[in-house]
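Accompanying notes for the structure given below.
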Amino acid sequence: MPATRKSPDKILFIFLGVWALLNLIQSAFVEVHADEAYYWMYSRFLEWGYFDHPPMVALFIKIGDALSGSTLGLRLMTVLTSTLSVYILWQILKPYAVDIKHFILLFGSVVLFHVYGFITTPDAPLAFFTVLFFYAYQRYEKEDNWKWALALSLVIACLLYSKYHAILVLFFTVISNLKLLRRRSFWGIVLLSVLVFLPHIRWQVQNNYPSFYYHVIDRSAAFYKFRYTTEYLLAQLALAGPLVGWYLYRSAAVLKTSDGFIRALKFNFYGIFIFFLFSTLKGRVEAHWTLPAMLCLFMLACIALAVRPVPRWLERLAITNIALVILIRLVLIIPLDALKKVKIVAYYFGNEEWAKEIRQKAGNYPVIFYDSFQAPSRYNYYTRSTKGFSYDSRNYRKNQYDIWPLEDSIRHKKAYLVLDNEYSEYTAQDTIRTEKGIYYGTWIDHVRMYQKVSVNPLTVPADWKTGELRTLKLKISNPYHELIMLGNKNEKWKCYLEYSFKKDDVTEDFQPVHADLEQLNIAAGASAEVAGTIKAPATAGKYKLILSLRTEPFRGSRNSNMIAVEIK
């Protein structure tokens, strides 16, 4: 009697079990990525928004961490939603007669899907809600009714709460089918989605639009580098599958159809990849930012393989591709000394021991790290505390540590400063040897810092001349719940207001602003205006003016916006 073949759904459920098991094992035994630790900190301070991202990743982590305070708990929601995404993708593709074997082989070949099968960053909920969006849109595109309109509204809101890249998915979907604008239900979707998203917009307004400023202005490079583009293109090819990625792109590109849903996939596929290609002209693009487009690439390739003969060599190549990816995943679990010498592998080992070594020196006191939102987050995660803090100097980027109330709890207290280099201005009291390298620790008996204070000119002159002295009216705002004194009388650690000009990614040495701060006391939540004199650069050109409050023994924080000025 001939053996009966398993149905596609049975094969799918076997694959889902294997996929979930692999990700659960990986989640339990691979140490947290530094970015995951940062987002774990998000979950300690639940808000409607954060400096870098919307809040969905914080909710993902909060739910899992409440069930298990381990790496498995941190990643649990990602494992569950990743597995559910595979099932939903199959439901999307079944109407196109996609072969289950090719579906599994192609899905298993895409490196990016393996990464976000367990790693929990904003891309994890973005991937899940992107899949849900296309599932709901596929039905809404064919059935204009309020049931699917309501479902789409809620999914869109969740998509926007996951990551700002969701805007690209929505934009390219709409322009793929402009007839949507004629539907009354479409405008209902827009209205309801915006209403649900209003709490995040309100948070942005209350915090002076930090996400917009960072992603649109602060993150841009000063000038173009050709490697930004080449690295982006090579990364996209590798993430689609180091051996078969090129075939996926080829299949998606040659697919011809009049189907409205496939048209939406095509617009997102081309639109998102090209958008980030042009983004390399203004700075480095992270390879994983194209995740929604990678999902579209996968769906298009599956549909293309369903309408044309599939070469046997492709199946063998895909199996080899999957084997290589799984081998790399196993490397992150098994701590082989030879492999730990590879930088990208070493990144996942020794973090817990590193945190314990520093904790032994610092005890229960706050620990200050320089210019890193990742280091204090790893320390906090592995000590299950919020004692780690990032001092963001004027040469480093702003982040959520500039918003959280952690600085307020450190000021005027004793704290332990950890450095990864032995700077000349410090006398290191401790040398901490860890698997992550040598660190140097020193005690600060009474922390004085004003990292959150805003210092910005009321107006910026348009007629700057090289080398001239200009006196600006500066507004200094105190966001704290206590009075601050910027004078230095009877203060052990002195405070200085300084400035610099930045041009083409090069920042000049900081110089003192000539201003009288000695008697300047600013009440909680209040502002003061002072006259400050600075000297323009000796060379003409377009610059960014930076104002900084430097309190000893720190390097000085960036207290102003990046103020555009042109020197003539």
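Only the coordinates and a few stated rules stand behind these numbers; no lab work does. Note that the structure is predicted; figures quoted are calculated from it, not measured. All Cβ positions, even for glycine, are placed from backbone atoms using ideal geometry, and neighbour counts span all protein chains on display.
Rank-order 224-231, 315-322 by packing density, defined as the average count of other C-beta atoms within 10 Å over each peptide's residues, highest first.
Values: 224-231: 12.9, 315-322: 17.2.
Highest mean packing first, the order is 315-322, 224-231.
Segment 19-64 and segment 472-494 have their alpha-carbon centroids 37 Å apart. Positive contributions from Lys and Arg (+1) and negative ones from Asp and Glu (-1), summed over other residues with Cβ under 11 Å from the Cβ of Glu468, come out at +3.
Arrange the peptides 148-160, 540-552, 506-518 so that the one whose residues have, on average, the most other Cβ atoms within 10 Å appears first.
Numbers: 148-160: 21.4, 540-552: 19.5, 506-518: 14.0.
Ranking, from highest mean packing down: 148-160, 540-552, 506-518.
Each principal axis of the Cα cloud of segment 454-567 was taken in turn, and the coordinate range along them, longest first, works out to 41, 27, 21 Å.
When Lys and Arg each count +1 and Asp and Glu each count -1, what net charge do the other residues less than 12 Å away from Tyr135, Cβ to Cβ, add up to? Once positives and negatives cancel, what remains is +1.
Compare the peptides 384-395, 270-281, 49-60, 166-177 by average per-residue count of other Cβ atoms within 10 angstrom and give them in order, highest first.
Put in order of decreasing packing, that is 49-60, 384-395, 166-177, 270-281.
Relative to one another, the C-alpha centroids of segment 540-568 and segment 143-219 are positioned 35 Å apart.
Taking the longest Cα principal axis of the chain as reference, the axis of helix 166-175 is set at about 50 degrees. Each stretch of four or more DSSP H residues adds -39500 (n - 2.57); spread over every residue of the chain, this sum gives -15000 deg cm²/dmol at 222 nm.
Would you please give the FRET efficiency between Lys94 and Thr459, computed as 1/(1 + (r/R0)^6) with r the Cβ-Cβ distance and R0 = 45 Å, to the nearest 0.05? Write out the running numbers ahead of the final one.
On the way: r = 62 Å, r/R0 = 1.38.
Here the calculated transfer efficiency is 0.15.
For Cα extents along the principal axes in Å, the value computed from the atomic coordinates appears in the list [x] 93, 69, 49; [y] 95, 56, 42; [z] 161, 63, 47 under label [y]. Reported value for segment 1-120: 131 Å³ per residue, from the convex hull of its C-alpha atoms. Here's the list of lysines a cross-link from Lys414 could span, going by alpha-carbon distance under 28 Å and ignoring same-chain residues fewer than 8 apart: Lys356, Lys361, Lys387, Lys398, Lys436, Lys452, Lys489, Lys492, Lys494. Using only Cα atoms and rounding to the nearest 10 degrees, what angle (0 to 90) does helix 374-383 make with the longest principal axis of the chain? Here the helix axis deviates by roughly 80 degrees. On full extension, the segment bounded by Leu195 and Leu21 gains 58.8 nm, given 0.36 nm per residue less the C-alpha separation.
Computed from Cα positions, the angle between helix 351-362 and the longest principal axis of the chain comes to roughly 20 degrees.
Taking Lys and Arg as +1 and Asp and Glu as -1, the other residues whose beta-carbon sits under 15 Å from that of Val447 total +3. Defining a contact as two alpha carbons under 8 Å apart and six or more residues distant in sequence, what relative contact order in percent does the chain show? 12 percent.
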